[in-house]
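Encoded as structure tokens, the structure appears first; notes follow it.
The values are calculated or read from the model by the stated rules, or taken from the named source; none is laboratory data. Only a predicted model underlies this, so the values are computations on that prediction, with no experimental measurement involved. Backbone-built Cβ (ideal geometry, glycine too); neighbour counts: all protein chains shown.
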Amino acid sequence: MVIMEISIVPLGTASASVSSYVAQSLKILENVKGINYELHPMGTIIEADSLEKLFELSAKMHNTLFSDKVKRVVTSIKIDERRDKQLSMSGKIKAVKDKL
């Protein structure tokens with residue numbers, strides 16, 4: 001599995017609140033099979049079986065925010081991919097908690 005953290009921010013909106021835009025981009029993930037995702041306060045973590053799938057999803061999420069009201073979108077991505085052993089969101093958390 002490959003894990004990606006993504007944060008998508010529309011600029012120049014009428015309000016400082018962006019939760020409706022976050023919800024709009026997350027709707028892209030709702031019907032995608034073979035992924036797990038978890039929303040957190042500063043972004044979203046997505047787990048998929050390939051890097052290509054994550055790039056495709058991130059492009060769709062980024063592009064869905066453009067409209068007559070949104071002319072600029074800034075997207076930040078972090079990717080974690082291991083090829084020596086299985087990687088998962090829950091496994092990364094468990095590894096840290098086991099050491100506490």
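Just a few scattered comments:
- Residue among Ile93, Ile35, Ile46, Ile77 that alone is of a type in the set (A, V, I, L, M, F, W, C) and in contact with a Lys or Arg (Cβ under 8 Å, 6 or more places away or on another chain): Ile35
- When the test is whether a residue is out of contact with any Cys (no Cβ under 9 Å at 6 or more places or on another chain) and either surrounded by fewer than 14 Cβ atoms within 10 Å (Cβ to Cβ) or modelled with pLDDT under 95 (or both), Ala16 passes it.
- Between Val70, Val96, the distinction of being among the β-branched types (Val, Ile, Thr), part of a helix (DSSP H, G or I) and modelled with pLDDT under 95 belongs to Val96 only.
- Some residue of the range 34-50 being aromatic (Phe, Trp, Tyr), surrounded by 12 or more Cβ atoms within 10 Å (Cβ to Cβ), in contact (Cβ under 8 Å) with a residue 24 or more places away in the chain and touching a strand residue (DSSP E or B) at 6+ places or on another chain (Cβ under 8 Å): no
- Of all the residues in the range 73-93, those that are of a type outside the set (Gly, Ala, Ser), within 22 Å of the chain's Cα centre (by Cα) and either more than 17 Å from Glu47 (Cβ to Cβ) or not in a strand (DSSP E or B) (or both) number 10.
- Figure legend. Inter-residue proximity from the range 79-100: first residues loosely packed, with under 10 Cβ neighbours inside 10 Å, second residues at pLDDT below 95, beta-carbon distance below 7 Å, spacing 6+ or different chains. Indicated pairs: Gln86/Met1.
- Restricting attention to the range 16-58, the residues that are part of a strand (DSSP E or B) and among the acidic types (Asp, Glu) add up to 2.
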